[in-house]
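Here the structure comes first, spelled out in structure tokens, and everything after it is commentary.
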Amino acid sequence: MTSRQNNYDPVIATDLASAVTQLRVAGIQERDVRRHLDIVLGKRPPFAPVVEYQERLRRIQAGELACLSLPWLMLATLTRLGAPGRLTTIAGRQGAAKSIFALQLLRYWLHLGVSASAYLLEGDMGELMDRTLAQVSGVSDVTDIDWQKANTGRMWELTGEHRADLDRVAAAVTVSAGLGLETLEDLAAWIEGEAKCGQRAIIADPVSAAMRKAQPWISDPAFVRRVKRAAIDHECSIICVTHLVKGADEGKPDMVAGSAAYGRFSDCVLQIIRHDKKASMVTTPVGRKEIEHSHTIYIEKTRNGSGSGCRLAMQFDAGSLTVVELGLITKKGTGK
């Protein structure tokens, strides 16, 4: 390279025209112009994607990048919703146990030492502690204020025994100060902030409670794109809990409240459906059998797993306020 070439400074090139002029004045051959323009534009060399992919493989092999496990084995295998950089939407009607499901998931991750956080737009800290205590103790009566009064000794005993679990959940959760009056923009900013701080898993429940500054077909797609970008940029797993539109049919991915963007742009879409107890033929770890269940999870979409279109039989355990996985539904049962 000549001394004239050494004097070339890409920093002073303010646009492509001036950059090309500088390159030619410096005597750089035309075949090298593109490479130097990449420097001007701050672009990486053409081989960078392969290098980045190899670095990703190295991190996976070293255990630095991994898919988070779930408290439901088949759901984890079929969806891989805990993979880094992924956005999951969990939808259901009112009373479908969506928030119970989300709390169970959060508590499971915290117990494993995963950096996780949640923003709740419904309820208060007292209700959250009631539900958490019910799940960790297996005593759902603790959510009843009359039972709490009549069993003060037992309540003190349980809160003392499970203090560590209560503290973990309380520290990880932000309960809505505006009673659901936050906007989607506020919620997106909170999620972005948590992702930047290094949280590996982030839950928002329910996003349908947030206010919209604009029409849903404008606000919701913008929200989805922002939080998905945060998941990708910071390699975290983001879970958005929401409602189905009124009158939605079971198993329809475009029936999520707010916008079809949730179904289209999420990496995984689950519907939790509560129904009268019915029997279905399911595949379990020990074989096939007919099992009665109170809930069904429809895996409407998954980009990283093999379970798109599958249904899982689930049972709501009223004694512990948890959701139990029973197996993969293979065909319709007798119904009851």
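If each residue of separation counts as 0.36 nm, what is the full-extension length gain between Val25 and Lys289 once their alpha-carbon separation is subtracted? Mind dumping the intermediate values first?
Details: separation 264, 0.36 × 264 = 95.04 nm, distance 7.85 nm.
Length difference between fully extended and current span is 87.2 nm.
In which sequence would Lys149, Lys277 go, from the one with the fewest C-beta neighbours within 10 Å to the one with the most? Walk me through the numbers before you get to the answer.
On the way: Lys149 9, Lys277 12.
Arranged by neighbour count, lowest to highest, Lys149, Lys277 become Lys149, Lys277.
Beyond a 21 Å Cα-Cα separation, which of these cross-linked pairs lie in this structure: Lys98/Lys289; Lys98/Lys196; Lys98/Lys213; Lys98/Lys301? Can you show the working numbers first?
Numbers: Lys98/Lys289 27 Å; Lys98/Lys196 26 Å; Lys98/Lys213 25 Å; Lys98/Lys301 18 Å.
Flagged as over cut-off: Lys98/Lys289; Lys98/Lys196; Lys98/Lys213.
Whole percent per 10 Å bin, from 0 to the bin with the longest distance: what is P(r) over all C-alpha pairs of segment 152-299?
Reading upward from the zero bin: 9, 30, 28, 23, 9, 0.
Using the 10 angstrom Cβ neighbour count as an exposure proxy, how do Cys236, Cys310 rank, fewest first?
Working: Cys236 25, Cys310 19.
So the residues, fewest neighbours to most, are Cys310, Cys236.
Could you calculate the FRET efficiency of Tyr53 with Thr174 from 1/(1 + (r/R0)^6), where r is the beta carbon distance between them and R0 is 51 Å, rounded to 0.05? Before the final figure, lay out the partial values.
Numbers: r = 36 Å, r/R0 = 0.70.
Given R0 = 51 Å and the Cβ-Cβ separation, E is 0.90.
None of the figures in this text is laboratory data; all of them are computed from the coordinates on show. Just so it is clear, the model here is predicted, and its values are computed rather than measured. Glycine gets a Cβ as well: all are built from the backbone with ideal geometry, and neighbour counts include every protein chain shown.
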